[in-house]
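Asker: Got a structure for you, written out below as C-alpha cells; questions coming shortly.
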Amino acid sequence: MSWETIDRTTVAEEKLGPGLSAAAREKIRTFFPRYPSKRAAMLPALHIAQDEIGYCSLRAMRDIAELLEVPPSAVMDVVTFYTQFWTHPRGKKVITVCRSLSCELMGGKEVLAALKEKLGIDEHQTTPDGKYSLVTEECLASCDHGPCMQINEKTHKCVRVEDLDRILSDPDNDKISMPRSDIFDAPQKT
Amino acid sequence: MPYERVLMQNVGVPNSTSLQVYKAAGGYQGLVKAFGMKPGEVVDLVRQSNLRGRGGAGFPAGVKWGFLPIDREITYLCVNADESEPPTFCNRITIEHDPHMLLEGILIAGYATGSTVAYIYMRGEFMEQFHVLQKALDEAYQAGYFGKNILGSGYDLECYIHRGAGAYVCGEETGLIESLEGKRGQPRIKPPFPAIEGAFHKPTVVNNVETLACLPHILTRGLDWWLSLGTEASKGPKMYCISGPVNRPGCYEAPLGITVRELIYGDDFGGGMRDGKKVKGVFPGGLSVGVLRGDIFPKPPDGQVDPAKGYDELDCILDFDDPRHYGLLGLGTAAAVVIPEDVDIRDVLLNVTRFYSHESCGQCTQCREGTNWIYRIARRIQSGAGRSYDLDLIAELTENMGMMPGLSICGLPDGAVYPIRTLVQKFRAEFERHIAAQTPDAVAKTIKAINPAAYELPIQEGRALAHVGGSMQEIGDRL
Amino acid sequence: MPKIIIDGKEVECRAGISVLQAALDAGWNIPHYCYHPGLKVVASCRLCLMEMKMPHPQTREPGWAPKLFPACQTPVRKGMEVRFDSDKVRENQKHVMEYYLLDHPLDCPVCDKAGECHLQDYSEQFGNATSRMVEDKHKNPKKDIGSHTLMYSDRCVLCTRCIRFCDEIAGTGELRKVNRGSRNEIDIFPGEPLENELQGNVVDLCPVGSLISKDFQYKQRVWMLNTARSVSPADSRGSTIWIDYNKQGVHRIRSRYNPQVNEWWISDEARFGWKYINSDKRLNTARIRRGVSWEAVGWEELPGILRDRFASADENATAAVLSPMMSCEEAWLLAKFIRQVAPRATLVRGYVPIEGEDKTFPKGFVIKAEKCPNRGGVEQIIAHFGGNSMDFDEFVKAAGAGRFKAAYVVGGYPKEWITEAHARAISKIEILVAHDLFPSLLDQHVAVQIPTASFAEREGSFVNCDGLLQPFERAISPLEGVKADGQFFHELAGEPGLFRAEKFRVSVAGELEMFAKVHVPPDEPKYAH
Ligand SMILES: Cc1cc2nc3c(=O)[nH]c(=O)nc-3n(C[C@H](O)[C@H](O)[C@H](O)COP(=O)(O)O)c2cc1C
Ligand code: SF4
Ligand code: SF4
Ligand code: FES
Ligand code: FES
C-alpha cells in the first residue's frame, strides 16, 4: 500500500543469509586474470556463490562486492537483472520449463500444469521437502526437441506428460552425460 | 547434385567433439592457411566473400572488422553465443557437435583482427554445452592452438568462456559487452560502436558463433566455392532451424536461399506437417522478424508479393533480402517455427508479447513501457475480453516503439514490434472473429476487475503482478 | 562557435555541447528527463528525439532523415540542421508521455513535487490529457532509503539521474536499479542507506516526485514559496543557493547553478544545516550590562553608546574582531567605524573554524574544512585598512596579557565557538562588545551585547576560497528584535540613508578592487532542469 513505507536502511541479521567460504573466494580470484578489470568477474562470482550457497544471499553479495571492489549495490543490481540468479533459497533441484513458442506449441503448457500438480507447487515455489523448485524460462534453445525443461544442468527433451513420473523419480535426473569441467561446481552441493 | 554439408559436416559423427575427429576431417587447416597470409589479407578475403553476420543483423563481417582503428593497441574478440532468440538453436548444434569448428573460427577471426583475448559469451542456460565447449577449449589449449605463439606463428590468443545468466538482451552486442564487464546487460548508446570503443573501452569485434564457424571453410575451400553458394546478395551456407509441429524438427544446412515452404515441407528439411495439418502461420527467422501467412490462406497469383493482401506467403525466400518484401524485419536467425491451423492466434500473441516484455532491459521508455503495455493488452485479449480497438491500439503502439528506427537504444523493440504488428495485421480477421464471439459484457467486467480506476477513481490498491509466471520473482517478493 | 539551425532559426552555440543543450541555451523548451549537463549521457528517456538533415545515402542530397535522433546524444556540428517542430517529433513526445503515466499513481494532490514536477509540466505541454490504459496498474512501494530521503518508486520515470549522481559525483554508488524491464525500480542495497554528504542533490535532480526530502515533506506547497539568490555560509567554497521562503520563514535550500564554483550541487551541510536560524536560543535583544543585570537598549541608541564607549578607551588598546561569517560590506563598515573612533585600533581576523580536512569528490566537488564563508573578504579588508592587525589566536593571547582595554567582537557562528580559555583571556578586556548569534561563555564579561542576523536575513557578499566575490540576497526579515547587520553597521559608521549592499559595493569599488569584481553566476536556461 502506498502509505506504508518499507524501511530499506536497515536489514535484519537473519535476512543476510550465509556468506562465501574461503574456497569460494579463492575460486572467484582465479577468474581475475581473465579480465582487465576485477568487476568483470561478477557473473562468474555470482555463479560460484549460487553453486555454493544455493542462491545469492545478501551476505554473499557483500562478500563479492568486497572482492571485486564495487559497492554492494552494484552486485544487487546485477543479481536482479539476470533471471538465473536467485535471491532466496531454492530447492536442491530447480526445474526450469521452457515457455516459449515452439515448446508451447508442442505441449509445454500441459507439461507445466502436470508438473505443478505432481509437485504440488506453483511457479517460484519449492516443495516442502526442499527437493524441487519450479520456474519457467524463455526459450532454452532446444526447440527442435520441444517441449523441453532443465533439471539443474541437465536438459530433458521432448518431455511428455506421461514421462514426468519417470523423470521425477530418477535420482540422476540432473546428471549430464558429458564430462563436467571443474571451472564451476555442480549446482547446489548442499 | 545433393548439397554437401560443411557447417554440419561432423554432426552425427561419433566423438565429433574431440580434436582428433575434427582434425581427421581436415580441421584447423583453415587456420594454417590463415597463418600463411597477412592479417589484412584475411580481412580482405572475408570482405570479398561478403560473409554477412549470422547473428541476426546480417552485417558483413569483413566490413565490420575494417572499422577497427588502425592504431589500436588492444583488440578484444567477443563471440556471441547468447543464442536466446526463440526458436533458434543452430549455435547450440555447432557448440554441441563441433566445438572445434567454432574455436578454429575464433582463431582465424582473432588473427585477422589482431585480437589478443577472445571471450565466448555463452548464455547461462547452456550448461551441458558449456562443458562440451570448455573441454574442447582445454584440448585445443593443450595442443597449442591457444596461448602464446600459436603453431609457431608468433600470434598469441587467450580464449575464455564467459557464462551469462539468463537475459535475451545480452545477445545485443553492446549489452553483451556490458554484461561481460560485470554490469547489468543494458545495451549502450551508439556511437561509439564497439569497433571503436567496446569491451573495457577498447576496440572490440562481436561476431556470432555461426559467422565464425564459416571462416575455416572460406579459407580451406576458397572464395569461388563460397560465392557459388547462395543468392545474389546472400552468399554461403546457412544452418536453418525448423521447429513446431513438423515431422522432422531440427537444424538443416543449405545454401542461403531456400523458401519457407521447402523448409517446412522439403524431405531434407521439416518433412511436412505432423498429422497432415495445414500451416496457419510461420515465424521464419526467429520471432523477431515477424510472421508469414501459412497455406490456410489462398495461393497468390503468380509472382505476386503483397503482405497487405491475405495470400499464402510461404514462398518467401530465406535470404537476407526477400523477407523484407513480406513486411518482415529481415532474415533474422533463419529459425522457423510453424503455427499449425488449430492454434488460437491469441495464445501466440500472448506468448510473443510476454517474451519481449520479460526481456526488455528497461532503459528506454518506449521499450520498457510499450512492451509491457502490449503484453497486458494481449493478456486481456487472450482471456476473452478483447476489443477491436485494442488491435488498433497495438498497431499504433508498435508504430511508436520500433517501426521507425532511432526511437530506442537497441534493436529489441524493433524485434518486438515486427512479430506483434504482423500478427495483429495479418491475422486481424481471426482476432475479430474471437472478439465477436465473446460474451457481450466480458470487456466491461474484466476492465472493471483489473483497473477500476479506468472506470472510477480512486485507484485500486494492492500490487498487480507484472509477469504472471515470470522467471523472476514477483514484485512483492523483494530482497 | 559553431552555428546550427534549429527549427529553421540559426543558433550560435558553444562547441562540443549536445544539440539538446544548444536548444535549451537558445530558449527552446525541449522535454528531457535523463539528460543533465553534469552527468554522463545515457539517452534512455527518449523524450528529446529530433529530426536531423542527413545526406541521402545515394544522391548525397541533404534531406530529413527518416529516423529520429536523440538530441542529448548528438553533438553540435557546424552547419547542421535539426528540427523539433515536426509532427514526427511531437508524436513521439506524446507517446512517451503516455507511457510515463501508465503506471503512475496520479497522486499529485499529496506529492511534494507538485508544482515543480516535470511529469506534470510535460504531460500538460507535450502529452495527452487522458490515458488509454485500462489494464492493471503496477504498484511499487514507498521506501525509506536514507536519513534525508524517501523514495516513491511508483512515481519514478527511471531517468537514472540519481544513480549517476551517486556514481559519478558522490562516488559512493548507493543507488541502483533493481530488476529489469517494466519492473525496474530504483533501490539501495538493504542496510546500506544513501548516506553520502551530497545526498540531498538527488532530490533536486529528480525531475519528478520520486525522491522526496524528508526534511521538506508536507511542509509547504511549492507555489506558496518565494525564492532568493544566496550564498551558503556552510563552508568557504561559497556554493550558491536558492533560499525558498515565505512569510512563515525559510523552508528549504536548494542548489543554485554556478559553473565556476559548485556547478549544480551543494553539500548536505549547506542544504540542511541552516536550521539554527530558527533556533529559539538565538539572541534577540540589544542590551547593556548594568552591574549584574542587563538593560535592553533601542537600536537607535546603540551607535551613540558605542561611539562614547570606544572614544573613552585608549586607542592603542582598542580592537575589532572581524568575523569571517560577516559579509564584506559589514566587515568594511565595522573596520571603518573602529578606525574612526580609534585610528590606531587593531583589526583582528576573527576565528576561522576548521573541521577535519577538505573533502574532494571524484569529479572535483569539494567540501571545505573551513566552515566560514568569508575569510578571504575579511583578510582583504583588513589589509586594505592597514595599520595594526592580527589573527584571532594572537588576539586571544594579547588579550590574556592585558593588551586590550576595549574590543568589538563579532561572532555569528552556528556552533559554539568561544572556549573557556578564550573567555578567560578575553574577559580581561574592560569594554567588551559582543555581536553574536547565540549566547556564549563571553556573556558574563560583556558590556554591550548585540544580536546578529542570520545569513538568510542579510544581504551582502562573501569572498570564497578561490577569491570570487559573490553577492547574496536577503530572503526573510530578521528575527524580531534583531537588526540586519549591514544596516546597523551602516548607521554605526555614520553613513547616510539605507544600506543597500549593491549600492554600497559600487560606492567603494574605487577604493578596494574586489568590490568591483562581483561574480554573478549565469542563470540556467529557462527550460533546463
Ligand atoms: C535484442 C537483440 C538480441 C540479439 N541476440 C543475439 C543473439 O542471441 N545471438 C547473436 O548472435 N546475435 C544477437 N543479436 C545480434 C547482435 O547484436 C549482433 O548483431 C551480432 O552478434 C553480430 O554478430 P554477426 O555480425 O556475426 O551476426 C541480437 C540483437 C538484438 C538487438
Ligand atoms: S530498446 Fe529496450 S532492450 Fe534495448 S536498450 Fe532500450 S530498453 Fe533496453
Ligand atoms: S528516482 Fe527520480 S532521479 Fe531517480 S531515476 Fe527515478 S525519476 Fe529519475
Ligand atoms: S521454445 Fe522451448 S527451447 Fe526454444
Ligand atoms: S534521451 Fe535525450 S534527454 Fe533522455
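The values are calculated or read from the model by the stated rules, or taken from the named source; none is laboratory data. The structure displayed is predicted, hence computed values, not measured ones. Backbone-built Cβ (ideal geometry, glycine too); neighbour counts: all protein chains shown. We work out accessible area using only protein heavy atoms, side chains counted, and drop any ligands, DNA or RNA first. Shrake-Rupley method; radii C 1.70, N 1.55, O 1.52, S 1.80 Å.
Asker: Only bridges with both residues in region A:93-169 count here: give the DSSP antiparallel percent, nearest 5.
Answerer: In region A:93-169, DSSP labels about 55 percent of beta bridges as antiparallel.
Asker: Within 10 Å of each Cβ of A:105-114, how many other protein chain Cβ atoms are there on average?
Answerer: 2
Asker: What do you reckon, how do C:Y413, B:Y160 stack up by accessible area (1.4 Å probe), largest on top? Intermediate values should be presented prior to the final figure.
Answerer: Details: C:Y413 10, B:Y160 45 Å².
The ordering from most to least exposed comes out as B:Y160, C:Y413.
Asker: Please provide three numbers in whole Å: the alpha-carbon extents of region A:93-169 along the principal axes, with the largest listed first.
Answerer: Sorted from largest, the Cα extents of region A:93-169 read 34, 21, 19 Å.
Asker: Taking the radius of gyration and the Kirkwood hydrodynamic radius from Cα positions alone, what is the Rg/Rh ratio for region B:258-330, to two decimal places? Write down the numbers at each step before the final one.
Answerer: On the way: Rg = 11.6 Å, Rh = 12.4 Å.
In region B:258-330, Rg relative to Rh is 0.94.
Asker: Output the peptides B:270-278, C:443-451 sorted from most to least packed, where packing is the average of other Cβ atoms within 10 Å over each peptide's residues.
Answerer: Values: B:270-278: 15.7, C:443-451: 19.2.
My ranking of the peptides, most packed first, is C:443-451, B:270-278.
Asker: Given an 8 Å cut-off on Cα distances and at least 6 residues of separation, report the relative contact order of region A:93-169 as a percent.
Answerer: After rounding, I find 39 percent.
Asker: Ok, one more. Counting partner chain Cβ atoms within 10 Å of every residue's Cβ in B:97-107, what's the average?
Answerer: Other-chain Cβ atoms within 10 Å of each residue's Cβ, averaged: 0.
Asker: Arranged from highest to lowest average of other beta-carbon atoms within 10 Å per residue, in what order do the peptides B:371-383, C:376-388 appear?
Answerer: Taking the mean over residues of other Cβ atoms within 10 Å, the ranking is B:371-383, C:376-388.
Asker: Can you list, bin by bin at 20 Å, the percent of alpha carbon pairs in chain B, starting at 0?
Answerer: For chain B, the pair-distance distribution reads 23, 54, 21, 2.
Asker: What ranking of B:F193, A:F184 comes out by heavy-atom accessible area, probe 1.4 Å, highest first? Present the calculation step by step, with values, prior to reporting the outcome.
Answerer: Working: B:F193 115, A:F184 5 Å².
Descending order: B:F193, A:F184.
Asker: Holding the Cα-Cα limit at 21 Å, pick out from B:K202/C:K40; B:K33/B:K238; B:K278/B:K426 the pairs that are longer than that. Could the numbers behind the result be given before it?
Answerer: Details: B:K202/C:K40 19 Å; B:K33/B:K238 23 Å; B:K278/B:K426 17 Å.
Flagged as over cut-off: B:K33/B:K238.
Asker: Do you know which residues of region C:28-60 lose at least 20 square angstrom of accessible area in the protein assembly compared with their chain on its own, with a 1.4 angstrom probe?
Answerer: Listed in order, they are C:V42, C:S44, C:R46.
Asker: For region C:362-431, state which trypsin sites (Lys or Arg not before Pro) are in a DSSP loop and have at most 12 other beta carbons lying within 10 Å of their beta carbon.
Answerer: Here the trypsin sites (Lys or Arg not before Pro) that fit, given the DSSP loop and packing criteria, are C:K415.
Asker: Here's something else I'd like to know. For region B:1-94, which trypsin sites (Lys or Arg not before Pro) are both in a DSSP coil and crowded by at most 15 other Cβ atoms within 10 Å?
Answerer: Within region B:1-94, the qualifying trypsin sites (Lys or Arg not before Pro) (loop, at most 15 other Cβ atoms within 10 Å) are B:R5, B:R72.
Asker: Another question about this same structure. Can you list the lysines whose alpha carbon sits under 18 Å from that of C:K428, skipping same-chain ones fewer than 8 residues off?
Answerer: Answer for C:K428, where 18 Å is the Cα cut-off: C:K397, C:K405, listed by chain and number.
Asker: Still on this model: With Cβ to Cβ distances under 10 Å as the rule, what net charge do the other residues near C:Y257 carry (K, R +1; D, E -1)?
Answerer: Neighbourhood net charge equals -2.
Asker: Could you work out the relative contact order of chain C, using alpha carbon pairs under 8 angstrom and six or more residues apart, expressed as a whole percent?
Answerer: Relative contact order, chain C: 12 percent.
Asker: Also, I was wondering about something else. Using the structure shown, list the pairs from C:K247/C:K371; B:K38/B:K235; C:K142/C:K214; C:K219/C:K483 with a Cα-Cα distance above 19 Å, or answer none.
Answerer: Going by Cα-Cα distance, C:K247/C:K371; B:K38/B:K235; C:K219/C:K483 fall outside the 19 Å limit.
Asker: Output the peptides A:4-15, B:217-228, C:179-190 sorted from most to least packed, where packing is the average of other Cβ atoms within 10 Å over each peptide's residues.
Answerer: C:179-190, B:217-228, A:4-15
Asker: Still on this structure, I have one more. Quick check: the distance between the Cα centres of region B:347-395 and region A:141-174, to the nearest angstrom?
Answerer: Comparing the Cα centres of region B:347-395 and region A:141-174, I get a distance of 30 Å.
Asker: What are the semi-axes of the equivalent ellipsoid of region C:109-260, taken as the square roots of 5 times the eigenvalues of the Cα gyration tensor, listed largest first and rounded to whole Å?
Answerer: 27, 21, 14
Asker: Could you let me know the centre-to-centre spacing of region C:69-103 and region C:5-20, using Cα atoms, in angstrom?
Answerer: After rounding, the separation between the Cα centres reads 15 Å.
Asker: If you don't mind, another one. Would you mind working out the accessible area per residue for chain B, using a 1.4 Å probe, and quoting it in Å²?
Answerer: It amounts to 33 Å² per residue over chain B.
Asker: Please work out the ratio of the alpha-carbon Rg of chain C to 2.2 N^0.38 Å and round it to two decimals. Show your work: numbers first, answer last.
Answerer: Numbers: Rg = 27.6 Å, N = 529, 2.2 N^0.38 = 23.8 Å.
Taking the Cα Rg and dividing by 2.2 N^0.38 Å, one obtains 1.16.
Asker: Same structure, new question: Take every DSSP beta bridge whose two residues both sit in the protein assembly as shown, then give the antiparallel share in percent to the nearest 5. Write out the running numbers ahead of the final one.
Answerer: On the way: 73 of 126 bridges.
Counting DSSP beta bridges with both partners in the protein assembly as shown, the antiparallel share is about 60 percent.
Asker: Using only atoms on other chains, find how many Cβ atoms lie within 10 Å of each Cβ of peptide A:37-44 and report the average.
Answerer: Counting Cβ atoms of other protein chains within 10 Å of each residue's Cβ and averaging gives 6.
Asker: Using a Cα-Cα cut-off of under 16 Å, which lysines could be cross-linked to A:K27, ignoring same-chain neighbours fewer than 8 residues away?
Answerer: Here the lysines satisfying the reach criterion relative to A:K27 are A:K38, A:K189.
Asker: Quick one: how many lysine pairs in region A:93-169 have C-alpha atoms under 19 angstrom apart, if they're 8 or more apart or on different chains?
Answerer: Value for region A:93-169: 12.
Asker: Could I ask something else about it? Report relative contact order for chain B in percent, whole number only (criteria: Cα-Cα under 8 Å, sequence separation at least 6).
Answerer: Averaging sequence separation for qualifying contacts and normalising by length gives 14 percent for chain B.
Asker: Something else: Sequence neighbours fewer than 8 away in the same chain don't count; with that in mind, list the lysines whose C-alpha is under 25 Å from C:K9.
Answerer: The reachable lysines, counting only those whose Cα sits under 25 Å from C:K9, are C:K53, C:K67, C:K78, C:K88, C:K94, C:K526.
Asker: Next up: How big a patch of accessible area, both sides summed and in Å² to the nearest 100, lies buried between C and B at a 1.4 Å probe? Please list the in-between numbers first.
Answerer: Numbers: alone 23430 and 20520 Å², together 39470 Å².
Buried: approximately 4500 Å² between B and C.
Asker: How big is the antiparallel share of DSSP beta bridges in chain B, given as a percent to the nearest 5?
Answerer: Details: 18 of 39 bridges.
Antiparallel bridges: around 45 percent, rounded to the nearest 5.
Asker: Quick check: net charge around B:Q366, other residues with Cβ under 13 Å of its Cβ, Lys/Arg +1 and Asp/Glu -1? Kindly include the intermediate steps, with their values, before the conclusion.
Answerer: Details: positive: B:R368, C:R46, C:K94; negative: B:E369, B:E396, B:E399, B:D414, C:E91, C:E98.
That works out to -3.
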